[in-house]
Structures are given as structure tokens and as C-alpha cells.
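The values are calculated or read from the model by the stated rules, or taken from the named source; none is laboratory data. Remember, predicted model here, so these are calculated numbers, not experimental data. Every residue, glycine among them, receives a Cβ derived from its backbone with ideal geometry; neighbour counts consider all protein chains shown. When the accessible area is computed, the model is the full protein with side chains, heavy atoms only, and any ligands, DNA or RNA have been set aside. Shrake-Rupley method; radii C 1.70, N 1.55, O 1.52, S 1.80 Å.
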Amino acid sequence: AQSVTQLGSHVSVSEGALVLLRCNYSSSVPPYLFWYVQYPNQGLQLLLKYTSAATLVKGINGFEAEFKKSETSFHLTKPSAHMSDAAEYFCAVSDMNDYKLSFGAGTTVTVRA
Amino acid sequence: DTGVSQNPRHKITKRGQNVTFRCDPISEHNRLYWYRQTLGQGPEFLTYFQNEAQLEKSRLLSDRFSAERPKGSFSTLEIQRTEQGDSAMYLCASSLELTGPQETQYFGPGTRLLVL
């Protein structure tokens, strides 16, 4: 069964600083990996996904993530944080044999002015 | 395309009562998923449908839970004899079956249940 681990439940960054959110996965077959963002009292919105094409994936709002098979990682980055990036971020995994998503526990991002 | 909608958005009930939630997926999407999210945790899979067929159920889905998707359109999730541990956000998602599990799941705003 596949699973993900998100390192760090809370991340605080200054506006304009690099945002780095860590995600490591466990999967017995090639995975599909997703990053979702959740704003308060809202559903989840897809930021980006890896589906075995390019290992560097660009998403919405300036976010990108790199799939590293050797490290079983799919870390999310944004070069310059904006106040509007304050939200909760979830990494999720599925694979070719399974339609359900397995989510990490989430990382809450706060942005300091 | 108005996205995935869920009703009600909030539900407060007393322990032992039955509740039913509704999800309307994006119109052309043939796959529909239910997840549960408790405070401070990521969503956990409950069940999913392809058209009207329920293809998988999580062990989290006790016999007090039942989900339906008549005619492959909207879906309902019913919880009978609610318990305080059922308090959570119930999320619905839908996707279009084109290339398989890599298809994006689009989430609704969720129904927040509080059992007193």
C-alpha cells in the first residue's frame, strides 16, 4: 500500500522568502503524486501532479515540485512567498493499480510580513 | 462548469440521529469519491464509485455508513446512529475516467458534521 509522510506540520516563512514543503512517499509500484492546497473552510485545490512524465513539475501560483525516485521524495517549492500562500498543503499518492488518494497529515504555512 | 457541490455545508446533530449528505459532481465526471477529514489530519478515503457502481469501500466505512450513486449522477452518504467520533469534514471529489488513477480529483467544499 502506498503512503506519504510530510515532514513538518507547520512552516513559517517571511514574505518573499523560499517556501519548501517536504514529502516522502512509499509505494511498491510507480506512483502518481499530487500536491493540494486547502484554504480555511474550503475544499482541496490541485497545485500540481506527477504522472511519470517530466520529473520537474510546474503548477499554479508559482509552485513547482521535483520527483526524485532515488530519494522517494516529491518536495514542493516556491521561490518567493506571498501572503496569499498562507494555507494548508497536502501531499498525496496513488498508483496505477489504485484510484484512491492517500494523503499526508498536511503542512500549515504561515507567511510573515 | 460550477465544480463539485456539497450540501449541507454544515450539520449539527445529536448522537444517535441519522444524517445524510449530498454531493453533486462535475457533470461529465463518471468517478466520484468520498473522503473524511478530521482536525489536523489529511483526508482519508471512504469509498468511490464509477458511474453507479460502488467499486471500493474503506474499512473506515462501518456498517453505519452507506453511500449510493443512483443513475451515476449525484451521490449521498448516510450515517446512521451517529457517534461523537463521526464529527469530521466529509469531502466529495469527482474525476473523469480517461487515463486512469492519474486523473485529477476535483474536490467540493465539504460538509462539516458535528455530533453532540
Name the shape class, rounded, prolate or oblate, that the alpha-carbon gyration tensor gives for chain A, where a ≥ b ≥ c are the square roots of its eigenvalues, rounded holds for a/c under 1.5, and otherwise prolate holds if a/b is larger than b/c and oblate otherwise.
-> prolate
Apply the Karplus parameterisation 6.51 cos²θ - 1.76 cosθ + 1.60, with θ equal to phi minus 60°, to every residue of the stretch B:62-77 and state each ³J(HN,Hα) to the nearest whole Hz, in sequence, with x for glycine and proline.
-> 5, 6, 7, 9, 9, 10, 9, 9, x, 6, x, 10, 6, 10, 10, 10
Heavy-atom accessible surface buried between A and B, both sides counted, 1.4 angstrom probe, nearest 100 Å², is 1900
Taking the dipole about the Cα centre of the protein assembly as shown, with the C-beta of Lys and Arg at +1 and of Asp and Glu at -1, give me whichever of A:92, B:8, A:5 is farthest to the positive side.
-> B:8
Top to bottom by accessible area (1.4 Å), largest first, where do A:94, A:84 land?
-> A:84, A:94
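Treating the beta-carbon of each Lys and Arg as +1 and of each Asp and Glu as -1, no other charges, what is the dipole magnitude of the stretch A:13-113 about its Cα centre, to the nearest 20 debye?
So the magnitude is around 60 debye.
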How large, in percent, is the carbon and sulfur part of the accessible surface of the stretch A:29-70 at a probe radius of 1.4 Å?
-> 52
Tabulate in residue order the Karplus-calculated ³J(HN,Hα) for the stretch A:7-17, using 6.51 cos²θ - 1.76 cosθ + 1.60 with θ = phi - 60°, rounded to whole Hz; enter x for Gly and Pro.
-> 7, x, 7, 9, 10, 10, 10, 7, 4, x, 8
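Carbon and sulfur together cover what percent of the accessible area of the stretch B:1-70 at a 1.4 Å probe radius?
Carbon plus sulfur share of accessible area: 42 percent.
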Using θ = phi - 60° and the Karplus relation 6.51 cos²θ - 1.76 cosθ + 1.60, list the HN-Hα couplings for the stretch A:33-47 in order, rounded to whole Hz, with x at every Gly or Pro.
-> 10, 9, 10, 10, 10, 10, 8, x, 6, 10, x, 8, 10, 5, 8
Setting aside same-chain residues fewer than 8 positions from residue A:78, which lysines have a Cα under 30 Å from its Cα?
-> A:49, A:58, A:68, A:69, A:100
